[in-house]
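For reference, the structure discussed in these notes is given below.
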Amino acid sequence: MASTHHNVSAELAIQPGRFVPDPRDLRQPLSVRVRPYLIIGPALLLTVGILYPFGLAVYYSLTNYTLSNPNYSFVGFLNYKMLLTDPEFYHSAKVTLAYAFSATAVETILGLGVALLLNRETPLARVLRTVMIFPLMIAPVIGTLIWKLMMQPSVGILNYLLGFIGLSHFEWAAAPQTALFSVVLVDVWIYTPFISLLLLAGLQSMPKEPFESARVDGGSAWFTFKNLTLPMLAPFLIIAVIFRLIDSLKMFDVIYAMTGGGPGQTLMNFPLQAYYYGILYMNLSYGLTYMIILWAIVYLISQILVVYWGKAQQRAAGL
Amino acid sequence: MRKRRVVSWIVLALALMLVLACLTTASAAEKFNWKKYSGTKIRLLLNKHPYTEALLGNLKTFENLTGIKVEYDIFPEQNYFDKVTIDLSSGSGSYDVFMTGAYQVWQYAPPGWMEPLEPYINDPSMTNPDYDWEDIYPNLRKSDQWNLKPGNPLGSGHQWAIPWGFEANALMYRVDMFKKYGIAVPESLPALYATAKKLNNIDGSGIAGIVVRGSKNWATIHPGFMTQYASYGARDFDDKLNAVMNSPKAVEMTDLWVKMVREAGPKAWTTYTWYQAGSDFGAGKAAMLFDADILGYFQNVPGASACSGKIGWAPGPKGPEGKLVTNMWIWSLAMSAKSKNKGAAWYFMQWATGKEHLTKAAVDFAMVDPVRKSIWENPKFIAKMKENYHFYETFQAIIDNCSILFTPQPKFFETTTEWAATLHDIYYGEDAKKALDKLVAKINRMMTQAGIRKP
């Protein structure tokens, strides 16, 4: 049996295009035998490059490391214990989830609507498909600062316009009642085009025949949308939601540029807490604890969504 | 006759001594070797500020004088100190000299990131004899001196940074409006509140009575608020480092301040930084501004804003006991302890904080509050500043009572950021006493956890 194996190897070795380098096959030259390792090398390096800082962050979260005192010691789960007994943490958890879910929900509904509207071959749709992505091309922090200026009650245009309906004193992100709405609005402005773009690509990759059959059979627009478009678009929709949800759970720039987490503690989500503790207050281990917990939440949510995505793909393929 | 001869001899001897003294100083000054570090390169970490522009505008003079090459990076203020913190904590020593404030010294000096500077100042081979350290106002020099013990006052221990350009907090107001409505400059906090209310939306103009900073940031606390807070007789910490922002005086003052801002301040106050406060005032959207005196100056420069030429300065309201103490911000230059070019770095620092450069920066550029007494006595500078209504007089009135009014401790940024967040809570309706009690409990817990305060 062994001899057969060697014979097959030798046979494969001389056939161009079917050659399989085998590190265990001592008859192959060394340069050939190391080839599999060289091929997975970059992937391995990349994995180490990602895992090393992550592992280090987990480790630091188990210490009392502060930037001003590098002589740290291992404290076990003390940071986690302190965090979980701090009411600020639960407030931040609420802000993080409320921001992420509301921004993603609005963006998905709007993005779907825009994608359906632009999925027509009219001259206006062609122009709008290009113009639509402009907000995505601006750095989020710049986009936020533009909005901040527009929302400024004393000089901003929005309050001037709201003045016509008697709302010139609307305080946007400055007031606790409207702060979340204001930052979500900016997020929606920036990222709705992203979802539209993704869904538009999905819509344009769909086969035309089922839609033509439905039209011939006299199916209504709603019937076609519900039974054909939506199931076939579902994998794209879920991918878009995964991207946006992960991103908005980690949102820093929009909130930081708009209010720095204020007013009071109103907009202090996890990334802002991590920044305040880790950088401004130099308590790196405590700041990282926030980030590790955020990572766990992101991981959990994305895993659930990936399962849904797999199922949606199967449904779309009619399996 | 004999008597006259004796007098002549004495006069001659004195004259000789004077000439000799001048010659000695002159020769010492000439002897100072500015080229000692010629060919060296140093790197600066700078914040974007008009004072920085004054420095960069004259940088060639330093390079020509010393042969030292200077490279620099400039960051906007919002992120500047993050960059300094990260660079210093990394221990890379990639920058030799950086701009700092006194509050940052409390964070950067204890871990050993800053180089003590008095050995350089006191070394005649390293510091040119014309430097005149004593010419820098003593309260400014003290602001950058600390013995690293949390709670201990400034003014002892090492000199961690050199004062370079500062900002004294003052009340700025629209002279034209005050004249038009016959309003006197307020002399107490209740009077300031009443004046702000009177001017707020006066004649339906939509103008705010007063504008002050309000964002969730330490910088909200230190200008007008801290000046009035301390003048009111309130403190941030007691001698045992217990937070006392909920003392009766503190509560009274805080309540009044927030009431003033709520009833006569700008809308969206909780997002107001130095930039919004200054631009609102310059755009004629507010009748008064309580902030760094230089903020009004830049709005008052001809052509700079809608209100240029209409701005006046006053020291600000006095406390209930008739006393005004002014908090200040002091831009200083510091040396990284990890600098590989300490000699050249010090040469740069002494030049940048020396008389010659600072006089030029004050007279020809926009170094509005120079740290040297001699410059405030310079006729050209006096003439320049007197073009601004009562700017010079205000400065002279407050300089002697101008100091850092916070208790030095490494958790300054945590304390003041939380303090600003508490002002927001009060602004949006929470009872001042309850909100400040919560703040005190939080700060005390944080100080205990950090091992600074005994439980």
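The values are calculated or read from the model by the stated rules, or taken from the named source; none is laboratory data. Note that this is a predicted model, so its numbers are computed, not measured. Ideal geometry is used to build each Cβ from the backbone, glycine not excepted, and the neighbour counts take in all protein chains shown.
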Just give me the residues in region A:49-95 being β-branched (Val, Ile, Thr) and exposed (fewer than 14 other Cβ atoms within 10 Å of the Cβ), in sequence order.
-> A:Ile50, A:Thr85
If only one of A:Tyr275, A:Tyr299 is within 14 Å of another protein chain (Cβ to nearest Cβ) and in a helix (DSSP H, G or I), which one is it?
-> A:Tyr275
The number of residues in region A:152-165 that are within 18 Å of B:Gln276 (Cβ to Cβ) and either loosely packed, with under 14 Cβ neighbours inside 10 Å or at pLDDT 95 or above (or both) is 3
Within the set of pairs 6 or more residues apart or between chains, which connect a residue that is among the polar types (S, T, N, Q) inside region B:245-260 to a residue that is part of a helix (DSSP H, G or I) with Cβ atoms less than 6 Å apart?
-> B:Asn246/B:Leu436; B:Asn246/B:Asp437; B:Asn246/B:Val440; B:Thr254/B:Ala432
Hey, can you tell me all the residues within region A:171-204 that are buried (at least 20 other Cβ atoms within 10 Å of the Cβ) and aromatic (Phe, Trp, Tyr)?
-> A:Trp172, A:Tyr191
Considering region B:61-109 alone, what residues qualify as being away from chain A (no Cβ under 14 Å), within 24 Å of B:Pro408 (Cα to Cα) and small (Gly, Ala, Ser)?
-> B:Gly101, B:Ala102
Which of the following residues is part of a strand (DSSP E or B) and in contact with a strand residue (DSSP E or B) (Cβ under 6 Å, 6 or more places away or on another chain): B:Ala345, B:Ala334?
-> B:Ala334
Specify which of the listed residues (A:Asp217, A:Asp187) is closer than 30 Å to A:His91 by Cβ and either modelled with pLDDT of 95 or more or more than 14 Å from chain B (Cβ to nearest Cβ) (or both).
-> A:Asp187
Mind checking which pairs have a first residue in region B:117-142 that is closer than 22 Å to B:Ala337 by Cβ and free of Cβ contacts under 8 Å to residues at least 24 places away in the same chain and a second that is crowded, with 19+ Cβ neighbours inside 10 Å and basic (Lys, Arg), Cβ under 9 Å, 6 or more apart or different chains?
-> B:Trp133/B:Arg141
Helices (runs of 4 or more DSSP H) enclosed by region A:22-107 - at least 1 residues per element that are at pLDDT 95 or above = A:35-61, A:78-84
Give the residues of region A:152-166 that are touching a helix residue (DSSP H, G or I) at 6+ places or on another chain (Cβ under 8 Å) and within 12 Å of chain B (Cβ to nearest Cβ), sorted by residue number.
-> A:Gln152, A:Pro153, A:Ser154, A:Val155, A:Gly156, A:Leu158, A:Asn159
When you look at B:Thr227, is it in contact (Cβ under 8 Å) with a residue 12 or more places away in the chain, within 14 Å of chain A (Cβ to nearest Cβ), out of contact with any Leu (no Cβ under 7 Å at 6 or more places or on another chain) and part of a helix (DSSP H, G or I), yes or no?
-> no
(1) of a type in the set (Phe, Trp, Tyr); (2) within 29 Å of B:Phe413 (Cα to Cα); (3) within 13 Å of the chain's Cα centre (by Cα) all hold for A:Tyr299 apart from (2)
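Conditions tested, residue by residue: (1) buried (at least 22 other Cβ atoms within 10 Å of the Cβ); (2) acidic (Asp, Glu); (3) within 15 Å of B:Phe166 (Cβ to Cβ).
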| site | (1), (2), (3) |
| --- | --- |
| B:Met349 | yes, no, no |
| B:Asn378 | no, no, no |
| B:Glu393 | no, yes, no |
| B:Ala421 | yes, no, no |
| B:Tyr428 | no, no, no |
Out of all the residues in region A:134-149, is one or more without any contact (Cβ under 8 Å) to a residue 40 or more places away in the chain, within 14 Å of chain B (Cβ to nearest Cβ) and hydroxyl-bearing (Ser, Thr, Tyr)?
-> no
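Residue-wise test of (1) part of a helix (DSSP H, G or I); (2) buried (at least 24 other Cβ atoms within 10 Å of the Cβ); (3) in the same structural domain as B:Trp313 (by TED's automatic domain parsing); (4) on the phi > 0 side of the Ramachandran plot.
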site: B:Ala234; (1), (2), (3), (4): no, no, yes, no
site: B:Lys240; (1), (2), (3), (4): no, no, yes, no
site: B:Ala250; (1), (2), (3), (4): yes, no, yes, no
site: B:Asp255; (1), (2), (3), (4): yes, no, yes, no
site: B:Val258; (1), (2), (3), (4): yes, yes, yes, no
site: B:Glu263; (1), (2), (3), (4): yes, no, yes, no
Qualifying residues in region A:183-235 (those that are under 27 Å from the mean Cα position of the chain (by Cα) and of a type in the set (S, T, N, Q)) - the one nearest to A:Arg315 (Cα to Cα) | A:Thr229
